[in-house]
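Quick notes on the structure that follows.
The values are calculated or read from the model by the stated rules, or taken from the named source; none is laboratory data. Everything numeric here is computed off the predicted structure, so don't read it as measured data. No Cβ is skipped: glycine too gets one built from the backbone with ideal geometry, and neighbour counts run over all protein chains shown. Remember, those area values only see protein heavy atoms, side chains included, never the ligands or the DNA or RNA. Shrake-Rupley method; radii C 1.70, N 1.55, O 1.52, S 1.80 Å.
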Amino acid sequence: MSLNNHTHDHGPLAMKAGMTTQGGDKFIPARKIESGLGFFNVIGVVMSTKPPTQTRSQGRIFADIFSIIDPSCMEDDVHIMTYNFMVNCFQKKHTEWLPQTEVGNIVLLRRLKTSTYRGGSLNGIGYWDKLRWVTYDIQTRCFRDPDRKDSPHSETLDDRFGYSYLPYYEPSMQGKEADYCAQLADWWQAIRAKEQGITVVQCAPRPSREHHLISEVTPDTSPQGYFDCTVEILHSFENTSGPHTVYMTDYTVNPQTNAPQANWCSPELSTYIFKVEMWGHAGLLAKMMQLGEFWFLPNACVMMDSYLRLYGKLVEKHKSKKLDEVENGKNLHFHALLERKKKFEQGGGASGPPIRFDTKLIENVDGELGFFHCMVEVLHVDPASMEEPLLYVTDYTFNPNLVNPAEPAPWALGLDRRIIKIVLEGGQKGKAHDLQPGTTYRIKNLRLIKRTGVKGAFRHLGGDECLIIAVNDKEEVPALLQCKEKWKLEMK
């Protein structure tokens, strides 16, 4: 399920950034541009521009600086522009070969590279012998002819011994680039038409470590899983021998986190919560945090636990800051969080209805599904296993990723590749003695796991939440009984 719910947007406002041409050339959403891409292409609406200047340090080199945006730069649902992408272009001979950008029009850029000069912000670089460009007029809906003046149309480099360089790109008006520019023009005009309902902010260039929504972060978040975030504190507790654990939210949903089930957390809010373990100086900071406060936390790191669920880790407190709605209300990320919270409190969640894991039959589950709920019958409980207490369950449907128990057993007869083995850990261990074979249970937040050297898929279930629930609802049981009857017919 997508985290970016656009059900409130229709027509041009629902546009997705990025596209691929008929020839296979990709144009990347501005917000997805990262260091180390190599050459890349991008199309955006020009938000700001400066007149070409001549650099002093590198001799007679002309520079052009401008910023662009596309739909990826706007935060969903709350209509706040939180990002733009800066571009620096250079030419040695002809200023007319620099992109002739105007605020409000569209520029198409091919063969850019990224740069973080002297550890600064990430931006795009258009080199004098690589960049190709064209501009698109939003009003006329046509690509514009460049104003060449006396400059040549193209030139052979390296004193005429190199290749022929042509700065001007000339796409077809019948191609995908023209179609995309037209869609981008519609999007921008729709944005302008809704200006009364949109918060437009001056976007800072993207730093090498970015501010992220919880919904965006993964262990692959650049650089090395580190990110900044703006959050509300919901709950915390101090471990006697370990980190201070703080539960927080920015009112976005990351389906790879573990949704807590506790008295302090409503079911509606649980999927929006992100757990952060605070060590060292950050642990001291955690003791100062009060429930309901808003904080800016830099240099958090995304981690993955043994159940393949994401959580955060914070060690430093340097530059962490408590936020105030009056003093910091103009902070774009804080303002966006407050808007999402308001939307959540008004009902329907910050980005539409809360994401809930689907109830699935075992036959419909694979390694790509992520977490799911299932309705199963307990076949066998082994509380004295060598590894941890083991639970064997089935819904009587077939899945080729499953394997049969290592030793033949009467309760497994005829259930070839229909049994899930669940390893009970943590707070779930003590529940093994309460589970009754032949009883139907709903098991929450499962995920099939495949590991190198381990045959078949299995599942770990840990934590203190109530994840195994006896089913008493007569409306839910028939679905399982139907699968069981179908299995019995197959066995005859």
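Annotations for the structure displayed:
- Accessible area of Phe398 (1.4 Å probe, protein heavy atoms only, ligands and nucleic acids ignored): about 90 Å².
- Between Lys149 and Asp416, the simple label model (points 7 Å from Cα in the Cβ direction) yields a spacing of 8.0 nm.
- Nitroxide proxy distance, nm - points 7 Å out along Cα→Cβ at Phe237 and Leu291: 1.3
- Greater than 30 Å apart at Cα, pairs in Lys275/Lys343; Lys319/Lys342; Lys317/Lys444; Lys32/Lys194: Lys317/Lys444
- The gain in end-to-end length when the Glu327 to Thr156 segment is fully stretched comes to 55.8 nm, 0.36 nm per residue minus the alpha carbon separation.
- Gain on full extension, evaluated as 0.36 nm per residue between Asp179 and Asp25 minus their Cα-Cα distance, stands at 54.0 nm.
- Phi-based couplings in Hz for region 285-302 (Karplus 6.51, -1.76, 1.60; Gly and Pro marked x): 5, 4, 5, 7, 6, 10, 4, x, 7, 10, 9, 9, 10, x, 6, 6, 10, 7
- Taking θ as phi - 60° and the Karplus parameters 6.51, -1.76 and 1.60, the scalar couplings of region 394-408 work out to 7, 10, 6, 10, 9, 9, x, 7, 8, 10, 7, x, 4, 10, x Hz in sequence order, x denoting glycine and proline.
- Share of alpha-carbon pairs per 5 Å distance bin for region 84-126, given as whole %: 5, 18, 27, 25, 17, 7, 1
- The slack in the chain from Met491 to Ser306, taken as 0.36 nm per residue of separation less the alpha-carbon distance, amounts to 62.8 nm.
- Ordering of 247-256, 337-346 by packing is 247-256, 337-346, highest average first (other Cβ atoms within 10 Å, averaged per residue).
- Between Ala262 and Leu37, the FRET efficiency estimated from the beta carbon spacing at R0 = 35 angstrom works out to 0.25.
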